[in-house]
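Novice: This is the structure I want to talk about, given as structure tokens.
The values are calculated or read from the model by the stated rules, or taken from the named source; none is laboratory data. Bear in mind the structure is a predicted one, so any value in this text is a computation, not a measurement. Every residue, glycine as well, gets a Cβ built from its backbone with ideal geometry; the counts of neighbours run over all protein chains shown. Note: areas computed on protein heavy atoms with side chains; ligands, DNA, RNA excluded. Shrake-Rupley method; radii C 1.70, N 1.55, O 1.52, S 1.80 Å.
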Amino acid sequence: MKLNTIFSIIVLSISINFQTNAQFDFSQIDLNYYLPATAYNNSIPSPKDFLGYEIGEWHVNHDKLIAYMSLLAEKSDRISFHEYGKTYEKRPLVYLIISSEENQKNIDQIQVTHQQLADPSFINQIDISNLPAVLFQGYSIHGDESSGSNAAMLVAYHLAAGQSEEVKNILANTVILFDPCYNPDGLQRYSSWANANQDLMHVTDPNDLSHNEPWPTGRTNHYWFDLNRDWLLLTHPESRGRIKTFQAWNPNVLTDHHEMGTNSTFFFQPGVPSRTNPLTPQINQDLTEEIANYHMAALDSIGSEYFTKDRFDDFYYGKGSTYPDGQGCVGILFEQATSEGILQESSNGLLSFPFCIRNQVVTSLSTYRSIIDLREDLIKYKRNFFIDRIKQANADEIQAYIVHQKDPWKRYRFLDILKQHKITALGISKDYSKESVNFVADESFVVPVSQKQYTMIKSIFDTQTEFRDSVFYDVSTWTFPFAFDSKYKALTKSQYESLQLKPIQGPSKLKPFGTDRSDCMIIPWDNYMSPSIYFQLSQLNIEVFRSAEDFVINKNKFVAGSIFVDTKSLSLEDYHNLIKSCHQKHIQYLMVNQSIDHFKKLGLKTLEHQDKAFQFAILTGAGVNSYEAGDSWFQLDKRWEIPTTRLDISRIKSVNLERYTSIIMPDGNYAFDDKTKENILQWIENGGRLIAMRRAIDYLVKKEIIDLKTKEEIMGEKPIGTSGQVIGGAIFNSYIDSLDPLFFGYQNKELATFKKGTRWYSPDSNSEIKVIAQYTDQPLLSGYASIQNMVKAPGSASIMKQEMGKGLIIMLVDNPNFRGYWYGGATLFGNCLF
């Protein structure tokens, strides 16, 4: 059978997923339904023995899942149990190492050998003839795609207790890093909801409560982030722990089990060929296709429908099935149609939860068969991959990237991400200039390309604006220096060799402090964590002033917005807490022996002091984009430690909004009634500040709160709705009004933003809306945008504001907190709030 076709296999009416009787019969479901017929070790409890019910009858929660994994490790010499971190909700992140007893005895040496395979200096010293392959096998990174984690219990039991020759062969030839749940918090949230709403009669109507998960769903982690977009960005503990394991083992294959829409079937990679990342070698896709043959055979054997080479792609290296492709590993995505509950109608008939689980089990087992047969090919591929990358790096015209980042917090964060991906960075001993950009020695670093992680380095630093395809499953770019608002340049060999390089030290200690203190402490506003410090100060019963202009003191340059603190007004405890916070957040403050009044007398302009305590709210609930609400919540709650109310939109009309100084209106499809509109308008006119992002701006237009038109509306054009017109994620450049308070802390006249969507606004010249940032004449820095969109983008507004009574509406066309990694937007977001 050809892989480039979509398969349709008729399933008999007696099959579980096409039952015509809505009274679901669990008597048909037992271990033999899921697993091959074989003898099992009776001393090892099956999932049913442990749970008290058959897998698929209920949704297993994370606590029981991990307890069972621990039990298997206790009962079987084939399994060891490892905890690699904690989630935000303090759930354990775990993986099992599953292999033969003989391999378990030599597990450390096997791991070292696989690390050496990724190091060209060891290549010729390694005998691979009997080396087990390493498989990283993971499930349910989206917590509400729970057939994966439920299947994991069956697969782990099969490997722990199975007595067949096939199982023994798998264990002898493979080391399996088995992660039963990539997203514990999401799985727990979903399973609790699903079980609470499960009915005895298994109502199959798609409109039933059991098939319609409430906002924000269990897909995401605690802060509503999609963890399957975080493999490269490493914003969250789940990702950081997982990547540490990946890098410690350098596996040959990684699998990632998901679910998709109910009316689909089953997908496995390869994805759409034209949308494979160009940095991924063709042999990776060839091996992926060879592995796919095993999945086809396995699914054919149980009469399951499937498709491949359609819809999904291998482009963004921040996804689980694509991250491995840049590192000598083959990543495989599985997508099973979801039953969202136990039994639901679909366009293919009735779809049951047990059927979903069985497909996940079957393809887990077919993965083992493929790895055993392709073991030497996979190991040779990894070995040759890193040899070839060094050759490519040495032949590259670009031999290094140099980055300048003044802000210590952002600089250390950038370096930490590189380190976690096993990318080496170096410092420079003296300043360096290129093309009018000055790279200050103590504030800059260099990343040589001649490293085994050459592919990942190119992915992180390169820009791309031309593509084979115009459709992307996710973003089309992620260039890190733009995300950090860092200046950077590519260096040729001669330029790189001219540098005086040195190892990078860890975060340097700030100057020592004691009980003696000066009259005034000045805290710069161009640090990522400055808003956190400012909020901390606002909670104290003291006056805090901020500059309204740039200034210089003792040859130290400070940007507008910088904070003046009268240290004498602080208690000793508050003073020490402030100093401690500055140290922890890498903020280089300045102590001076002059009072704030002294600087005012010298003519320094300061912002008007706000007497009302800051209190922020984020709109949440049905219709709000939970990802982008989560971006803002994470920024405030986790990064800046600012308590923030999450206000459900259904309650706005009955809530006294006067307690809030700012309300964040994330992207979403809003549908407020007139009472809600009136409440919001009154709050703004009384001094409230509304921060509307992306499609929230459309709602304000629709309700006639603001008067704003798109370029299409002005020109009388209809929006182009084809998929090739979508901007799913690109990096755009804007001219900014650097004198406006919303850009305090920025030294450049331009600012890169991460753009999703195709809204090109053009306020009338007589409008009350003031444009304070607009896309440049050639705004596309990296990523895909159609020719039609690139005609409209130049000069379109990217940030606007409108005064209304005593209050203000701020309109952000792009999300400044995108995925928690757009660090360059943090100061803008802080200015919007403060």
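Novice: Among the residues in the stretch 776-786, are any open to solvent by 10 Å² or more (accessible area, probe 1.4 Å), over 25 Å from the mean Cα position of the chain (by Cα) and not aromatic (Phe, Trp, Tyr)?
Specialist: Taking the stretch 776-786 as the starting set, the residues that turn out to be open to solvent by 10 Å² or more (accessible area, probe 1.4 Å) are 777-778, 780-781, 784-785.
With the extra rule that they be over 25 Å from the mean Cα position of the chain (by Cα), the set shrinks to 777-778.
Now restrict to residues that are not aromatic (Phe, Trp, Tyr): 777-778.
Scanning the stretch 776-786, I find at least one residue that is open to solvent by 10 Å² or more (accessible area, probe 1.4 Å), over 25 Å from the mean Cα position of the chain (by Cα) and not aromatic (Phe, Trp, Tyr), so the answer is yes.
Novice: For the stretch 477-521, what are the residues that are modelled with pLDDT under 95, within 35 Å of the chain's Cα centre (by Cα) and not charged (D, E, K, R)?
Specialist: 504, 505, 506, 507, 508, 510, listed by residue number.
Novice: Check 160, 156 and return the single one that is under 18 Å from residue 256 (Cα atoms), part of a helix (DSSP H, G or I) and in contact with a helix residue (DSSP H, G or I) (Cβ under 7 Å, 6 or more places away or on another chain).
Specialist: 156
Novice: I've got another one for you. Would you be able to tell me the number of residues in the stretch 793-823 that are farther than 18 Å from residue 686 by Cβ and either in contact with a Phe, Trp or Tyr (Cβ under 6 Å, 6 or more places away or on another chain) or assigned to a loop (DSSP other than H, G, I, E, B) (or both)? So that I can check it myself, show each step before the final result.
Specialist: Start the filter on the stretch 793-823 by keeping residues that are farther than 18 Å from residue 686 by Cβ, which leaves 793-800, 811-823.
Imposing the further condition that a residue be either in contact with a Phe, Trp or Tyr (Cβ under 6 Å, 6 or more places away or on another chain) or assigned to a loop (DSSP other than H, G, I, E, B) (or both) reduces the set to 793-798, 813-818, 820-823.
Residues in the stretch 793-823 being farther than 18 Å from residue 686 by Cβ and either in contact with a Phe, Trp or Tyr (Cβ under 6 Å, 6 or more places away or on another chain) or assigned to a loop (DSSP other than H, G, I, E, B) (or both): 16 in total.
Novice: Restricting the stretch 104-130 to residues that are part of a loop (DSSP other than H, G, I, E, B) and among the charged types (D, E, K, R), which is most open to solvent (accessible area, probe 1.4 Å)?
Specialist: My answer is 127.
Novice: Taking the stretch 757-799 as the search range and keeping residues that are of a type in the set (Lys, Arg) and touching a strand residue (DSSP E or B) at 6+ places or on another chain (Cβ under 8 Å), which one is modelled with the lowest pLDDT?
Specialist: 759
Yes/no matrix, rows are residues, columns are (1) open to solvent by 80 Å² or more (accessible area, probe 1.4 Å); (2) more than 27 Å from residue 662 (Cα to Cα):
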{"site": "713", "(1), (2)": "yes, yes"}
{"site": "727", "(1), (2)": "no, yes"}
{"site": "734", "(1), (2)": "no, no"}
{"site": "740", "(1), (2)": "no, no"}
{"site": "743", "(1), (2)": "no, no"}
{"site": "758", "(1), (2)": "no, no"}
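Novice: List, please: which pairs have Cβ atoms under 6 Å, are six or more places apart or on different chains, and start with a residue in the stretch 809-820 that is farther than 16 Å from residue 733 by Cβ and end with one that is hydroxyl-bearing (Ser, Thr, Tyr) and crowded, with 24+ Cβ neighbours inside 10 Å?
Specialist: As it stands, the answer is 817/632, since those pairs meet every condition given.
Novice: Here is a follow-up. In the stretch 345-374, how many are part of a strand (DSSP E or B) and crowded, with 24+ Cβ neighbours inside 10 Å?
Specialist: Residues meeting the conditions: 2.
Novice: Residue 187 - would you say it is assigned to a strand (DSSP E or B) and within 25 Å of residue 240 (Cα to Cα)?
Specialist: no
Novice: Still on this model: Looking only at the stretch 377-399, decide whether some residue is surrounded by 16 or more Cβ atoms within 10 Å (Cβ to Cβ), assigned to a helix (DSSP H, G or I), β-branched (Val, Ile, Thr) and touching a strand residue (DSSP E or B) at 6+ places or on another chain (Cβ under 9 Å).
Specialist: Yes, the stretch 377-399 has at least one match.
For (1) surrounded by 22 or more Cβ atoms within 10 Å (Cβ to Cβ); (2) without any contact (Cβ under 8 Å) to a residue 60 or more places away in the chain, each residue gets a yes or a no:
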| position | (1), (2) |
| --- | --- |
| 441 | no, yes |
| 448 | no, yes |
| 455 | yes, no |
| 460 | yes, no |
| 463 | no, no |
| 467 | no, no |
| 470 | no, no |
| 476 | yes, no |
| 479 | no, no |
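Novice: Can you run down the residue pairs with Cβ atoms below 6 Å, 6 or more apart or on separate chains, where the first is in the stretch 662-676 and within 20 Å of residue 626 (Cβ to Cβ) and the partner is in a loop (DSSP other than H, G, I, E, B)?
Specialist: Every condition considered, the pairs that remain are 666/625; 667/625; 667/694; 668/623; 668/625; 669/623; 670/623.
Novice: Going by the structure shown, is residue 768 of a type in the set (Asp, Glu) and assigned to a helix (DSSP H, G or I)?
Specialist: Details: of a type in the set (Asp, Glu): yes; assigned to a helix (DSSP H, G or I): no.
No.
Novice: For the stretch 30-97, please list each of the helices (runs of 4 or more DSSP H) lying entirely inside it that holds at least 1 residues being buried (at least 18 other Cβ atoms within 10 Å of the Cβ) and under 30 Å from the mean Cα position of the chain (by Cα).
Specialist: 62-75
Novice: Still on this structure: Do you know which residues across the stretch 180-204 are free of Cβ contacts under 8 Å to residues at least 24 places away in the same chain and small (Gly, Ala, Ser)?
Specialist: Across the stretch 180-204, the qualifying residue is only 196.
Novice: Moving on to the next point. So which of 637, 574, 597 ends up being outside any strand (DSSP E or B), over 30 Å from residue 225 (Cβ atoms) and in contact (Cβ under 8 Å) with a residue 24 or more places away in the chain?
Specialist: 574
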